[in-house]
1. For segment 207-234, enumerate the residues that are open to solvent by 60 Å² or more (accessible area, probe 1.4 Å) and within 30 Å of Gly64 (Cα to Cα).
2. Whether any residue in segment 192-199 is hydrophobic (A, V, I, L, M, F, W, C), within 21 Å of Ile91 (Cβ to Cβ) and either open to solvent by 20 Å² or more (accessible area, probe 1.4 Å) or modelled with pLDDT under 95 (or both) is what I want to check.
3. Determine whether Val204 is hydrophobic (A, V, I, L, M, F, W, C), touching a residue at least 40 places away in the same chain (Cβ under 8 Å), open to solvent by 30 Å² or more (accessible area, probe 1.4 Å) and assigned to a strand (DSSP E or B).
4. Give the residues of segment 139-154 that are more than 16 Å from Ile193 (Cα to Cα) and open to solvent by 20 Å² or more (accessible area, probe 1.4 Å), sorted by residue number.
5. Working only within segment 111-129, note down all residues that are assigned to a helix (DSSP H, G or I), touching a Cys at 6+ places or on another chain (Cβ under 9 Å) and open to solvent by 60 Å² or more (accessible area, probe 1.4 Å).
6. Evaluate segment 155-177: report whether one residue or more is of a type in the set (Ser, Thr, Tyr), under 19 Å from Ala43 (Cβ atoms), surrounded by fewer than 22 Cβ atoms within 10 Å (Cβ to Cβ) and within 18 Å of the chain's Cα centre (by Cα).
7. Give segment 68-83 a look and list any residue that's assigned to a strand (DSSP E or B), open to solvent by 20 Å² or more (accessible area, probe 1.4 Å) and within 19 Å of Pro131 (Cα to Cα), or say none.
8. If you check Gly183 against the conditions, is it touching a helix residue (DSSP H, G or I) at 6+ places or on another chain (Cβ under 9 Å) and in contact (Cβ under 8 Å) with a residue 12 or more places away in the chain?
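The values are calculated or read from the model by the stated rules, or taken from the named source; none is laboratory data. Please read all numbers here as calculations on a predicted model, not as lab measurements. FYI the Cβ positions are ideal-geometry reconstructions off the backbone, even for glycines, and counts take in every protein chain you see. Calculation scope for accessible area: heavy atoms of the full protein, side chains included, ligands and nucleic acids excluded. Shrake-Rupley method; radii C 1.70, N 1.55, O 1.52, S 1.80 Å.
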Amino acid sequence: MVIGDETALDDPVGRSLLGHHARFARRLGHAATYQPGVVTFCALSADAEEAGWADLARLLGPGGFADMFSCPATPPSGWEPVFSLEGRQMIWTGGSRSGQPVSGTHADVVELGGDSVPEMLDLVERAEPGPFGARTHELGTYLGVRDNGTLVAMAGERLRPPGWTEISAVCTSPEARGRGHAGRLVSALVARIVARGERPFLHVAEANTGAIALYERLGFHTRKHVTFQGFTAP
């Protein structure tokens, strides 16, 4: 496959679970999901949708949560909707709107490891960037910014379809916003991803116009609009 082939982004969860994230996968027949605590995303085989939903119900168990992420498949009767959120998938096409090169070096950006998980979970609770569990940091590199020792901003790598790395969990605590932390973190991640021969992409809620504007300034462009969906298994 050509590095950065966009068709891999049509099923980013499924392609990640078949490749880079296979060690995190739980599978049953035509359905797959991540191990508990990593992320809640699920995937179905494209050629076995009806059987896939049946397998997913068995994999999750009665009342289990199926976070279908950007999968457009519609579940059969018996699955209860939990949420539906309009969003978009954006890809980095090189450079920034300002024409300035993307820099991976910032003095205040630090790498976050397993010992930082309590801080990361606390920041997620305050900043609400989206799904993030106790093991999400295992999916890739996470970077942060501290102010007087307190973690006030972070961003990291999540889904890994072939040739791509998703930038996710971009968040800043309310009291530290407006200082450019998110831009520096995303730029640092872009530089790391590009350096290893992959292309960055991300997902964002349609209502988050401030984040969309920031990503566009950093060189991201909308590839497609998506609907994030979640359901409860029968």
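1. Listed by number, the residues that qualify are Ala207, Asn208, His225, Pro234.
2. Taking every residue of segment 192-199 in turn, at least one turns out to be hydrophobic (A, V, I, L, M, F, W, C), within 21 Å of Ile91 (Cβ to Cβ) and either open to solvent by 20 Å² or more (accessible area, probe 1.4 Å) or modelled with pLDDT under 95 (or both).
3. Here the answer is no, as Val204 does not meet what is asked.
4. Arg146, Asp147, Asn148, Gly149, Thr150
5. Arg126
6. No, segment 155-177 contains no residue that is of a type in the set (Ser, Thr, Tyr), under 19 Å from Ala43 (Cβ atoms), surrounded by fewer than 22 Cβ atoms within 10 Å (Cβ to Cβ) and within 18 Å of the chain's Cα centre (by Cα).
7. Correct list: Pro81, Val82, Phe83.
8. yes
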